[in-house]
Amino acid sequence: MELKDIDNQYNKLVGLLKAERNAEGFWTGRLSSSALATAVAIVALKIDGNVSGNALINNGLNWLLDHLNADGGFGDTIESKSNVSTSLLCYAAISYCGEDHKRSQNVLRELEKYLISQNIDLSKGDVIASVLAFYGKDFTFSVPILSMLVICGVLDHKTCVKIPQLPFELTLLPSKWYSLFNLRVVSYAIPALIAVGFFVFKTRRRHNPIMKWIRNRSIQPALRKLEKIVPESGGFLEAIPLTAFVAMCLHSSGFKDNRVAQKGILFLRNQQRSDGSWPIDTDLSTWVTTSSVKALGSQMAKVFSPAEIGSITSHLKSIQYKEVHPFNLAQPGGWGWTNYSGSVPDVDDTAGAILALLELYQLDNEDTTAIINGCQWLITLQNKDGGFPTFCKGWGRLPFDSSCADLTGHALLALTKSREILGDKMAVDLKLAVEKCVARSFGFLWKNQQDNGSWYPLWFGNQLTSDNKNPVYGTAKVAIYLNDSILCDSLEDHLKRNIGQMLTRAQDYLLKQQNVNGSWGGEIAIEGTIEESGLAISALAGKDQQACLRGFEWLESEYTNNGLRSNPIGLYFAMLWYDEKLYPLIYYIEALRRYLKYNAQ
């Protein structure tokens, strides 16, 4: 490809990205429809029993019946391969909500065949052991799944004795103590711990007398706690599965009229799409907005007018948390993934917002304050191992609460670039804290880089790799962060040298993962996607021109033949897959922009 061809493609795609903004001037994106979310939503609506929800239930049921995979199972998205968890939940939903539906029985028979092929025979009672084995120590998803199977009559209520009891009484302890206990749910799943814990407790027939007394005494205080943390929208984390599980378990535990249950049902009613489906979450508007800004980088001023840039900047500042968050008591200064009330501040979105504001920075005092507050918030989240978790410091017992490379690299860049650009606007003590934090982050990345030069991401995977992990995504993301960090003059020379060594190893790994056709997938010989190919090229833009050009040739061919087709690259909430409409466009543009930057010099 000629440089002018790459430039033409860049300009064409930038036009598409501009057109994707909403009426308020920022990006909303569109998450894929989810069979799992649709299944749990229609069950929660049926349990609610309001006849006005019948049409919603029927539309959701029809959507499910229309999207059975060829092998008889269900995947998390339309493009996903079948999996046991989603197939079980869809089986429960169809049997519970579709008993009078003509097509339901045929689909249920196909589902039974699929589950038997996965060594799960519903008639033999081995379902509980199979689900628990699949999720291991993390009860965040396994116990809600099993509870819904009981609620829908797929499993007998007597089997509840085999379902682990979630210790909802522990949520009454100070939140800073949570990490001291061996809680089998991740930090952000407290609503499920309470509501599903109620259901299992009330349904089980056997109880330790002392624990029975403690839990009976804990129900009302735990309910009050749940009422305090329910967001205005009614959707916990804006997540359809989590909210639906909470609503159905509260209803089934005798708390139908509770405010949390009713707000949850209203949230679900409002989230259904016109085709009858539900996504897993309302949207990722903060993430796709900050990712769009970073994809355009220094070209933002050429693409958007000052007024448009001001609108994006104002939006980002408006959604920064200014008070202690009621859900997890997070301190002010962070950003969540969306502007809706169910969102919770997290490291990745906070780092992304800081970098976006730095890209748009106009020496404004309000912008400076927002960036500094974000940096202070990030520093407080760093774990003892030097890495960064997603939501809560110190929760390291389960994978989704552990420090991880991609979040750590993102935070490292945000802090390094903030110190670089703000200069003397950043107080001396904060500069020193940033310096120490960056050094410890580097140490974490050094220790966690694999022997082959790769890093594994936390919230993203690939369904086609043998272990569902995505080292190409993780390595590309960290490499991009490190490459941008090296450009900061304020970074110490010894760190630059060491980061350079890590970066070289990472880039060498990515070069070895390029497929024969020029694309990248989750690893070598895995079908390529626009998302992974775009990220890999961004990481290699200043390293290997020929590899990048081969990648662009594949991207152009893929775009011509299939458009900007999104793929299930996102991994969310205990192994739940999604894709996002804007990811291919954003990552493609970033690759083009970075390549043009390096080759214009």
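The values are calculated or read from the model by the stated rules, or taken from the named source; none is laboratory data. This is a predicted model, so every value here is computed, not measured. Neighbour counts are summed over all protein chains in view; Cβ atoms, including those assigned to glycine, are modelled from backbone coordinates with ideal geometry.
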Between Glu558, Glu590, Glu523, which is without any contact (Cβ under 8 Å) to a residue 40 or more places away in the chain and acidic (Asp, Glu)?
Glu558
Restricting attention to the range 152-168, report how many residues are exposed (fewer than 14 other Cβ atoms within 10 Å of the Cβ) and in contact (Cβ under 8 Å) with a residue 12 or more places away in the chain.
3
Of all residues in the range 306-342 being in contact with an Asp or Glu (Cβ under 6 Å, 6 or more places away or on another chain) and hydroxyl-bearing (Ser, Thr, Tyr), which is surrounded by the fewest Cβ atoms within 10 Å (Cβ to Cβ)?
Ser341
For the range 337-428, which fully contained helices (runs of 4 or more DSSP H) count at least 3 residues that are polar (S, T, N, Q) and either in contact with a helix residue (DSSP H, G or I) (Cβ under 8 Å, 6 or more places away or on another chain) or at positive phi (or both)?
405-422
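Mind listing just one residue for me: the one in the range 480-494 that is among the hydroxyl-bearing types (Ser, Thr, Tyr) and at pLDDT 95 or above and, of those, nearest to Ala541 (Cα to Cα)?
Among them, the one singled out is Tyr481.
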How about the range 105-149: which of its residues are at pLDDT below 85 and of a type in the set (Asp, Glu)?
Asp126, Asp138
Small (Gly, Ala, Ser) and buried (at least 18 other Cβ atoms within 10 Å of the Cβ) - does that describe any residue in the range 416-429?
yes
Residue check for Arg21: touching a Lys or Arg at 6+ places or on another chain (Cβ under 7 Å), surrounded by fewer than 24 Cβ atoms within 10 Å (Cβ to Cβ) and more than 21 Å from Met248 (Cα to Cα):
no
Evaluate the following for Asp275: is it under 30 Å from Asn483 (Cβ atoms), in contact (Cβ under 8 Å) with a residue 60 or more places away in the chain, not small (Gly, Ala, Ser) and not in a helix (DSSP H, G or I)?
no
Filtering the range 219-242 down to residues that are within 25 Å of the chain's Cα centre (by Cα) and of a type in the set (S, T, N, Q) yields Ser233
Kindly check whether there is at least one residue in the range 433-445 that is in the same structural domain as Ala536 (by TED's automatic domain parsing), surrounded by fewer than 18 Cβ atoms within 10 Å (Cβ to Cβ), polar (S, T, N, Q) and closer than 20 Å to Arg497 by Cα.
no
I'd like the residue in the range 116-151 that is more than 28 Å from the chain's Cα centre (by Cα) and either part of a loop (DSSP other than H, G, I, E, B) or touching a residue at least 60 places away in the same chain (Cβ under 8 Å) (or both) and, out of all such residues, is surrounded by the most Cβ atoms within 10 Å (Cβ to Cβ).
Ile120
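Thr380 - would you say it is surrounded by fewer than 19 Cβ atoms within 10 Å (Cβ to Cβ), without any contact (Cβ under 8 Å) to a residue 60 or more places away in the chain and within 27 Å of Ala307 (Cα to Cα)?
No: the conditions fail for Thr380.
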Hits in the range 493-503 - residues which are out of contact with any Leu (no Cβ under 7 Å at 6 or more places or on another chain) and either in contact (Cβ under 8 Å) with a residue 24 or more places away in the chain or surrounded by 19 or more Cβ atoms within 10 Å (Cβ to Cβ) (or both):
Leu495, Asn498
Every pair of residues 6+ apart whose Cβ atoms lie under 6 Å, when the first sits in the range 313-327 and is assigned by TED's automatic domain parsing to the domain that holds Met300 while the second is assigned to a helix (DSSP H, G or I) and surrounded by fewer than 20 Cβ atoms within 10 Å (Cβ to Cβ)
Pro326/Ile229; Phe327/Ile229
Please verify whether Ala295 is without any contact (Cβ under 8 Å) to a residue 40 or more places away in the chain and either among the aromatic types (Phe, Trp, Tyr) or outside the structural domain of Ser142 (by TED's automatic domain parsing) (or both), treating the condition exactly as stated.
no
